[in-house]
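*Asks:* Here it is: the structure, laid out below.
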Amino acid sequence: MKVALFNVKYSPNLGDGLLSECTELELHRAGIDAVSIDLAGRTGYAPGNASRGRMLAVLEGMPAPLRRVATRTILSALAAIRLRPAFRRQLVDCDAVVVGGGNLFSDSDLNFPVKIHAALSEAVNLPASVFAVGVARNWSATGRRLFADGLRNATMVYATVRDERSREIWDDLLPAPIPRAGLVRDPGLLASRHYPRGPASADHRSVGLCITDPLALRHHGHDTDAGDMAHWYGGVATALAQAGWTVGLFTNGSPEDRAYLNRNAADWIAAAAPTRITRIADVATPGDLATFISSCDLMVAHRMHACIAAHSFAVPTILLKWDPKLESFAEIAGRSDYFVDPARRSRRPRWPNWPHGPSRPGRSGRVHGVDRCGGGRRCGACPRTQGGGRGAFMIDHIVVINDLSVPKGGATALALASASAFRARGYRVTFVTGDDGDNPALRDQGVEIVALGSKRLLSGGALTALTRGVYNSRGRRHGRAVDRRERSPLDGVSCAWLGADPVAVAVRRDRAGAGAARLFGA
């Protein structure tokens, strides 16, 4: 079976490619041959047209009625001359079509209404579905008619949307016999299944600051001042750098975002510690974008699929307000408390369970408190926390303590298995052992071994066994050194965020193996 996926896979905004590739790869896992057909007629990843920003500025300056007439004329000609013939050729050997992934049922100057109508008009003899789309309520009368006619003329099998808000709009604006919408999650949440995780920073204090051109935000209806936004981005980057974070400035790939970052990056870097703020090289593919995002310890972004990819890889995320679709995702992801509106920068946002306290007025840290996220191991913003409450522990480094590094019984075997399992799930793991730490297999997995180099108590004299058995000062020094280095207690129960499910993990000084066993029973 071959399925054609109508989407915008090759958009310069690589977030669209990320969700499209995730959909393709999942269908391939099910034995289905899936091929994407880009609704704009693109056939590969490319940086995009550098003049797009100027075009958006021209459209923004037009009166709304004139803009709608101009864009409809251009898009209709494009659909008739180039898109429909290309769609027809690509559908020749397909058995079904799916319109899926992204905010496709949105009417920004008739862009998607015209293109989706053209696509479905070429697929009238094939079973058609709509999958995991976002739906906006910004449809013009013409846009609504084009959407409805395209869906009504297709042989619709079923339809699903990615959030409750989209389902309400779909059911409200599209009449029968068009199917009512079901609810699924955005396929971009599968990013951690299909893309490799990038290397973590040495100090686990790296933040990705995703830059979006205010012009693009305004084009989608968000009232954003370009000068204010540049000041806000610069202030956040400076605050993060001064708080000890390494800041990576990057974009999702849209040409207007790249141009905006290029214009401002030098000023933002010069205003702070240059060694702590860098302009990340432009990525070329969705996989490159996902791998970079996964390497960060914190993400701050407007762009939805930067936030979705971060969530998939369990990277704590602060979402910047601009479009209702992002607010819907924040609710789904349980991140509504960390949904920030930069336009209201005069007010410090309320952060329920925020563990660090308010920033003082006049300090750089007052820029929305963004620099406070993850400022210590106790972090209510982190999804890897026990209940997300005050005093919960963020899990990024797990210390397993056991007397031996080579199994001689069930307890040691369980401790070693837990260390391997934690490492396989992407955590930094330190194995503290009382013997000489001679376990090459554990070290080959990337587990750090801290060996005390001690012997069994009864291997020495009676007096030595007595003193070391009552109080091992050398072991205490090593334990305190590891404790101070990690800046978190070694005992107590925390919560690791693995995929989408929180799994309880106990790491205790006295029963490392028994505590870690809870991972396997969860």
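To keep it simple, each residue is scored yes or no on (1) among the charged types (D, E, K, R); (2) assigned to a helix (DSSP H, G or I); (3) within 18 Å of TRP322 (Cβ to Cβ); (4) at pLDDT below 85.
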residue: LEU189; (1), (2), (3), (4): no, yes, no, no
residue: ARG193; (1), (2), (3), (4): yes, yes, no, no
residue: HIS231; (1), (2), (3), (4): no, yes, yes, no
residue: ASN252; (1), (2), (3), (4): no, no, yes, no
residue: ASN262; (1), (2), (3), (4): no, yes, no, no
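*Asks:* Say we look at the stretch 83-110 and pick out the residues that are of a type in the set (D, E, K, R) and at pLDDT below 95; which of these is farthest from the chain's Cα centre (by Cα)? Steps first, answer last, please.
*Replies:* So the first thing to find is which residues in the stretch 83-110 are of a type in the set (D, E, K, R), and the list is 84, 88-89, 93, 95, 107, 109.
Cutting the leftovers down to at pLDDT below 95 gives us 93, 95, 107, 109.
Numbers: ASP93: 35, ASP95: 33, ASP107: 26, ASP109: 29 Å.
Only one residue tops the list, namely ASP93.
*Asks:* From the residues in the stretch 73-97 that are out of contact with any helix residue (DSSP H, G or I) (no Cβ under 8 Å at 6 or more places or on another chain) and basic (Lys, Arg), which one is nearest to ALA128 (Cα to Cα)?
*Replies:* By that ranking, first place goes to ARG88.
*Asks:* Yes or no: GLY244 out of contact with any helix residue (DSSP H, G or I) (no Cβ under 7 Å at 6 or more places or on another chain) and more than 19 Å from ILE308 (Cα to Cα)?
*Replies:* Details: out of contact with any helix residue (DSSP H, G or I) (no Cβ under 7 Å at 6 or more places or on another chain): yes; more than 19 Å from ILE308 (Cα to Cα): yes.
Yes; evaluated as a whole, the condition is true for this residue.
*Asks:* Looking at the structure I just gave you, is ILE269 in a helix (DSSP H, G or I) and surrounded by 19 or more Cβ atoms within 10 Å (Cβ to Cβ)?
*Replies:* Values: in a helix (DSSP H, G or I): yes; surrounded by 19 or more Cβ atoms within 10 Å (Cβ to Cβ): yes.
Answer is yes for this residue.
*Asks:* Out of PRO177, PRO199, report the one residue that is more than 22 Å from PRO342 (Cα to Cα), open to solvent by 60 Å² or more (accessible area, probe 1.4 Å) and within 22 Å of the chain's Cα centre (by Cα).
*Replies:* Values: PRO177 fails: within 22 Å of the chain's Cα centre (by Cα).
After ruling out the rest, the residue left standing is PRO199.
*Asks:* Is it the case that some residue within the stretch 88-110 is hydrophobic (A, V, I, L, M, F, W, C) and more than 17 Å from ALA4 (Cα to Cα)? Outline the logic, then answer.
*Replies:* To start, the set of residues in the stretch 88-110 that are hydrophobic (A, V, I, L, M, F, W, C) comprises 91-92, 94, 96-99, 104-105, 110.
Those still in the list that are more than 17 Å from ALA4 (Cα to Cα) too: 105, 110.
Scanning the stretch 88-110 turns up at least one residue that is hydrophobic (A, V, I, L, M, F, W, C) and more than 17 Å from ALA4 (Cα to Cα).
The values are calculated or read from the model by the stated rules, or taken from the named source; none is laboratory data. Remember, it's a predicted structure, so these values are computed and weren't measured experimentally. Ideal geometry is used to build each Cβ from the backbone, glycine not excepted, and the neighbour counts take in all protein chains shown. Calculation scope for accessible area: heavy atoms of the full protein, side chains included, ligands and nucleic acids excluded. Shrake-Rupley method; radii C 1.70, N 1.55, O 1.52, S 1.80 Å.
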